[in-house]
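Read-outs: derived from the displayed coordinates by stated rules, not from any lab. Because the structure is a prediction, the values reported are computed rather than measured. Cβ atoms come from the backbone with ideal geometry, glycine included; neighbour counts cover every protein chain shown.
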């Protein structure tokens, strides 16, 4: 299993851009999404743009200090239906307790498969927001992926120290904390997933 330490994506020197401006681009690059100042309302690419057939099949979050598993999900087998929601699997809703906001470092293990072509430059940029405030931008490299392979990688997230006021607001306002996960192959956006978060300890 590969272990990747996340680095903070620096936005310094990156031109500010909007979701509407990016929608006019034929190709969206890592530098483009680093210019976004708030969560996107819609997906910036279609499922059909995942030409490398990247499929995330398992995801686990653990506290790096104690090893406690905080969240784990495995993708069920694809049903044999012709008419499926094309956005199914692109959105996840997380429910954590307030104690999650006190964690400084968590590990996120992802398992994924790829299609019949090799992937040389697979990168993820993940941007977390509370309302319209950017909390943190993470940048991970997956490394080389062989054709028709199953891959496992653990990304180490270093969380920023949040003020008591911000944490209180995040707890009192579930699902107003959101993230965009952008996936690039050879610096071209091929996948876009979204998530929102509750830290109130309940549904």
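Going through (1) 50; (2) 36; (3) 42, the figure that equals percent of Cα pairs over 24 Å apart as computed for the structure here is (3). Please build a GNM for the chain, connecting alpha carbons under 10 Å apart, and tell me which residue among 76, 160, 47 fluctuates the most. Result: 76 has the largest fluctuation of those listed.
Among 28, 14, 54, the largest mean-square fluctuation in a Gaussian network model of the chain, built with springs joining Cα atoms closer than 10 Å, belongs to 14.
You can think of it this way: the chain between residue 120 and residue 69 has 15.3 nm of extra reach, that is 0.36 nm per residue less the Cα-Cα gap. When DSSP beta bridges are limited to those with both residues in the chain, what percentage is antiparallel, rounded to the nearest 5? For the chain, the DSSP antiparallel bridge percentage is about 85. For the pair residue 154 and residue 55, a Förster radius of 25 Å applied to the C-beta separation gives a FRET efficiency near 0.85, rounded to the nearest 0.05. Can you tell me how the range 24-119 classifies by the Cα gyration tensor, rounded, prolate or oblate, using a/c under 1.5 as the rounded cut? Cα axes put the range 24-119 in the oblate bin. Based on DSSP H segments of at least four residues, each scored -39500 (n - 2.57), the chain has a per-residue ellipticity at 222 nm of -2000 deg cm²/dmol.
Judged by the gyration tensor of its Cα atoms, with axes a ≥ b ≥ c, the range 162-203 is prolate; a/c meets the 1.5 cut and a/b is the larger of a/b and b/c. Label sites at residue 99 and residue 168, each approximated as a point 7 angstrom past Cα along Cα to Cβ, lie 2.2 nm apart.
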